[in-house]
Amino acid sequence: MGTLDLNTLPLFDGLTTEEVEKCTGLFQQREFVAGSSLVSEGDFSYKFFVILEGEVDVHRDFELVAQLGPGEFFGEAGIVAGDKRNARVTPTTRSVLAWVMGWEFKTMMEEFPAIVERVEETVAARSPDS
């Protein structure tokens, strides 16, 4: 695993270098093997994840609803809504993910409106009702 660099991720576009560095300091990162469980549908949401390397499958009600790769994120819906996870996420390849705790993610969103816009767009697009 290399050094975490959020500057390359679309979620952080529009933030200054100093702002991205502030966000970076909140994240931890870890490597996962294919098939390991990242989050389970119905679990309490307390982490926001960014995919740095690898790919993951997203299943809702046992149906594949998305495949995500580097630069994409998940876990935002439950944190924003204060609700349980609406999907199960499993890596399909060796993957490196960065994560931040939900309360820190909410603090980032309060401080940096550019992140809020991207997260709200993603939540709306991924809503099971859309």
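The values are calculated or read from the model by the stated rules, or taken from the named source; none is laboratory data. All values derive from a computational prediction rather than experimental measurement. Backbone-built Cβ (ideal geometry, glycine too); neighbour counts: all protein chains shown.
Observations
- The residues listed here are Gly42, Gly71; of these, the one that is free of Cβ contacts under 8 Å to residues at least 60 places away in the same chain and not polar (S, T, N, Q) is Gly42.
- Filter pass, Gly42 being surrounded by fewer than 12 Cβ atoms within 10 Å (Cβ to Cβ), farther than 17 Å from Thr122 by Cβ and small (Gly, Ala, Ser): yes
- Ile79 modelled with pLDDT under 90, under 17 Å from Leu38 (Cβ atoms) and β-branched (Val, Ile, Thr): yes
- When segment 72-130 is filtered for residues that are charged (D, E, K, R) and not in a helix (DSSP H, G or I), the ones remaining, listed by number, are Glu72, Asp83, Lys84, Arg85, Arg88, Arg94, Asp129.
- Within segment 1-29, residues that are in a helix (DSSP H, G or I) reach partners that are at pLDDT 85 or above and among the polar types (S, T, N, Q) with beta carbons closer than 8 Å, at six or more positions or on different chains, in the pairs Leu6/Thr24; Asn7/Thr17.
- Test for Val58: is it closer than 14 Å to Arg126 by Cβ and in a strand (DSSP E or B): yes
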